[in-house]
Amino acid sequence: MRTETYIRTTELGVALASTYMVAVTLLQSSIYLVKLKPLMLKYLGPLLAMIGVRTTLFDFVLLGFVTAMSFLFWRRGDEVGFGRLFSLNMLMFFPAVIDFSMFNWINLILPYDPTPGVTALWVFAVGLLLQATYLTLRYTIRFRLLRDELTDRGADLVDVNEVSKGQMTYLIQLVVATTAISTIIFYLTPLVRNLLSVEISGLPYPHIVIGVVCSLLIAAATILYLRGGARRNEVEDVPLLEGMGRTSDKP
């Protein structure tokens with residue numbers, strides 16, 4: 001199997017797997033069962049009846065529809081397609097997260113009884129799959145672009161394949177490490193929360209203090225991220241400007 005075909009097959013596998021698992025999770029969320037499904041059947045039910053599809057099969061129709069969309073987004077193979085794929089997955093994943101949220105603001109707007117059909121561990125595992133999918137698609141598209149660039153420069157195909165194999169090995173290590181760290185945090189959070197609850201209870205206004213601290217941390221992280229991106233762009237622009245200068249010096 002060609003290396004590029006292997007990369008594209010990997011992308012297809014993680015794309016379809018993540019969309020399917022997220023869709024299954026959505027079908028068992030409280031918001032979907034109580035609010036979204038009745039609303040969609042109200043407007044789509046007559047259309048399904050016209051084409052001879054029973055409303056009892058609506059879940060399978062929805063599952064097939066989002067899986068087909070995932071395939072079409074993968075087929076594009078560019079950042080736009082993968083961005084839409086990730087947005088679709090996160091949109092379907094949101095109701096399951098809200099079911100286990102300590103601050104279910106959806107329930108304040110549309111009151112319902114949160115009785116999810118999946119466990120918190122299931123939702124966490126699906127979240128890990130989404131994270132692995134995001135990392136995989138984010139890096140594999142760069143790998144394919146680098147392959148095209150090296151090939152256009154006249155690099156030998158065997159050497160290009162070796163570079164891609166090394167990159168895929170690095171990607172696997174990155175996904176495994178990220179999954180392991182997230183799992184450790186998931187199981188340590190309850191323990192840390194119990195230890196901190198005693199100290200936090202002594203604060204005069206714990207919610208305000210925690211909110212301010214978290215807001216400052218998020219703002220600091222955002223500033224560091226933006227500054228890092230700006231510096232990287234400046235470094236990438238230097239060779240381009242030098243090349244333009246050399247070109248302009250030619251008679």
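The values are calculated or read from the model by the stated rules, or taken from the named source; none is laboratory data. Note that the structure is predicted; figures quoted are calculated from it, not measured. Cβ coordinates were reconstructed from backbone atoms using ideal geometry, including for glycine residues, and neighbour counts include every protein chain displayed. Side chains are part of the model used for accessible areas, which takes the heavy atoms of the whole protein and leaves out ligands, DNA and RNA. Shrake-Rupley method; radii C 1.70, N 1.55, O 1.52, S 1.80 Å.
List of remarks:
- Looking across the range 25-68, just one residue is in contact (Cβ under 8 Å) with a residue 60 or more places away in the chain and of a type in the set (F, W, Y), and that is Y32.
- Residue within the range 52-70 that is over 30 Å from R142 (Cα atoms) and among the polar types (S, T, N, Q) present: yes
- Look at (1) open to solvent by 50 Å² or more (accessible area, probe 1.4 Å); (2) farther than 30 Å from T9 by Cβ; (3) touching a Pro at 6+ places or on another chain (Cβ under 7 Å) and you find that Q28 fails only one, number (2).
- Cβ-Cβ under 7 Å pairs, at least 6 apart or on other chains, the range 85-107 side farther than 12 Å from Q28 by Cβ, far side modelled with pLDDT of 90 or more and acidic (D, E): none
- Residue list for the range 11-23, filter: in contact with a Ser or Thr (Cβ under 7 Å, 6 or more places away or on another chain) and open to solvent by 40 Å² or more (accessible area, probe 1.4 Å): L16, Y20
- Residues that are open to solvent by 70 Å² or more (accessible area, probe 1.4 Å) and of a type in the set (S, T, Y), drawn from the range 56-69: T56
- I200 vs. criteria among the β-branched types (V, I, T) and modelled with pLDDT under 90: yes
- D113 open to solvent by 30 Å² or more (accessible area, probe 1.4 Å), among the acidic types (D, E) and either farther than 30 Å from S101 by Cβ or modelled with pLDDT of 90 or more (or both): no
- Scanning the range 161-182 for residues that are open to solvent by less than 30 Å² (accessible area, probe 1.4 Å) and either outside any helix (DSSP H, G or I) or in contact (Cβ under 8 Å) with a residue 60 or more places away in the chain (or both) turns up S164, M168.
- Test: residue in the range 72-81 that is open to solvent by 20 Å² or more (accessible area, probe 1.4 Å), in a loop (DSSP other than H, G, I, E, B) and either polar (S, T, N, Q) or touching a residue at least 12 places away in the same chain (Cβ under 8 Å) (or both): yes
- Which numbered condition M92 fails, given (1) open to solvent by 70 Å² or more (accessible area, probe 1.4 Å); (2) touching a helix residue (DSSP H, G or I) at 6+ places or on another chain (Cβ under 9 Å): (1)
- Check on R142, closer than 15 Å to E11 by Cβ and more than 17 Å from the chain's Cα centre (by Cα): no
- Complete set of residues in the range 149-160 that are open to solvent by less than 60 Å² (accessible area, probe 1.4 Å) and closer than 22 Å to R138 by Cβ: L150, V160
- P46 vs. criteria part of a loop (DSSP other than H, G, I, E, B) and open to solvent by 50 Å² or more (accessible area, probe 1.4 Å): no
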